[in-house]
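J.: There's a structure below that I have some questions on.
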Amino acid sequence: MGAQTIPAVPICDVSLPHNSMISDDEDYRFQLSVAVYGYEQHQHGGGKQYLWGDRVVSHRTGVRLRLVNVGAHSQARTGGRLGYPICLVCGQSRSPLASQADLQAFETDHRQRCGRVVEPVGFYADITADAVSLENAVDRQEAYSVMEALRMGASEVLDMEIEDLQLLAVPQAGVRQVNLLLYDPMPGGSGILDQMIARWPEVVVAAQRIVEECPSQCQSACVDCLLHFRNSYYHRRLNRLTALDRFDSWHGTLMFTHDIPSRLP
Ligand SMILES: [Zn+2]
Ligand SMILES: [Zn+2]
């Protein structure tokens, strides 16, 4: 286990005045793959707990989460420098992937001009969202593979786009097990998770078909089954055979065990 600390600033909604058209015609379009981590803030509105095979699945409303964007995924993964080079006085920034010389010049310039040392910073947002979580998955591969397949299955069965639900892994210090939350980013909740729980057997069948019938019959995951542009952050965690193995042993039945009382600060 390793830990690093970075300062982070909150993000908020802004109004951007129209300046020019945003175009897809640029020669070198580039979207930085970023690492977003999150944790629960120990507050939720209660819900229901179920058994799915030998795993626990919970469905809670109003889960308070903090999401932290800690910088470029390529650097976070290798334990490199976290955060973005941003001057907190004037707001100018550089890419975290800029050359060492460029970053050095940027830091020197702003230390002299703005009178403050440029430290790499992250960004965070506090959100309240409904969530279905797979608790204590044995590792991230199981967690991501099963829940990504379920999200894709849900997008076939329910009236939703794949982006309407988001995945968030919440690890615990010192153990491999991880809770994986499938949360609904729509403020106030869109009701998709209620439908997903109600139609769990159908969603599991659809998810199972996606991982079982990969047209390429790949050995882990590929663009014909689980991989797509938006989930590149956890591509290396996805394995269709792991998901298939769990679906085969857990089947499609959720067994209600008890109500979860709300948790207030
Ligand atoms: Zn500055
Ligand atoms: Zn595949």
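The values are calculated or read from the model by the stated rules, or taken from the named source; none is laboratory data. Small disclaimer: the values here were computed from a predicted structure and weren't measured. No Cβ is skipped: glycine too gets one built from the backbone with ideal geometry, and neighbour counts run over all protein chains shown. Just the protein is used for accessible areas: all its heavy atoms, side chains included, with ligands, DNA and RNA removed. Shrake-Rupley method; radii C 1.70, N 1.55, O 1.52, S 1.80 Å.
J.: Calculate the all-directions average of the projected area of segment 27-105's alpha-carbon convex hull, and give it in nm².
T.: Here the figure is 9.9 nm², rounded to one decimal.
J.: For segment 125-257, how big is Rg over Rh, using alpha carbon atoms and the Kirkwood form of Rh?
T.: In segment 125-257, Rg relative to Rh is 0.94.
J.: Name the long-range amide H neighbours of I260: under 5 Å, sequence gap of 5 or more, or other chain; modelled H, no Pro or chain starts.
T.: G47, K48, Q49
J.: Between Q31 and F229, what is the label-to-label distance in nm when each label sits 7 Å out along the Cα-to-Cβ direction?
T.: 0.5 nm
J.: Helix 100-114 against the longest principal axis of the chain: what's the angle in degrees, Cα atoms only, rounded to the nearest 10?
T.: Value to nearest ten degrees: 60.
J.: Spelling out what I want: for every residue of segment 220-228, take phi, set θ = phi - 60°, compute 6.51 cos²θ - 1.76 cosθ + 1.60 (Karplus), and round to whole Hz; glycine and proline get x.
T.: So the Karplus estimates, Gly and Pro as x, are 9, 7, 8, 5, 7, 10, 9, 8, 9 Hz.
J.: I'm checking a number: the convex hull volume of the Cα atoms of the chain, normalised per residue, in Å³. What is it? If you can, show how the numbers build up before the last one.
T.: Values: hull volume 46.3 nm³, N = 265.
Cα convex hull per residue, to the nearest whole number: 175 Å³.
J.: Express in Å², to the nearest 10, the accessible area of T5 obtained by rolling a 1.4 Å probe over the protein heavy atoms while all chains stay in place.
T.: Near enough 130 Å² of accessible area.
J.: I would also like to ask the following. Determine, from the Cβ-Cβ distance of T108 and H258 and an R0 of 41 Å, the FRET efficiency 1/(1 + (r/R0)^6), rounded to the nearest 0.05.
T.: So the FRET efficiency works out to roughly 0.10.
J.: Wrap a convex hull around the Cα atoms of segment 179-265, take a quarter of its surface area, and give that in square nanometres.
T.: Computed as one quarter of the Cα hull surface, the answer is 7.8 nm².
J.: Under a Cβ-Cβ limit of 4.7 Å, which cysteines in the chain have nobody to pair with?
T.: Cysteines lacking a close Cβ partner in the chain: C12, C87, C90, C114.
J.: Related question: Per residue, how much accessible area does segment 91-226 show when a 1.4 Å probe rolls over the protein heavy atoms, in square angstrom?
T.: In whole numbers, segment 91-226 has 47 Å² accessible per residue.
J.: Would you work out which of P7, L134, L97 lies farthest towards the positive end of the dipole of segment 1-145, given +1 charges on the beta-carbon of Lys and Arg and -1 on that of Asp and Glu, about the Cα centre?
T.: P7
J.: List the GluC sites (Glu not before Pro) within segment 138-239 that DSSP assigns to loop and that have no more than 15 neighbouring Cβ atoms inside 10 Å.
T.: E161, E213
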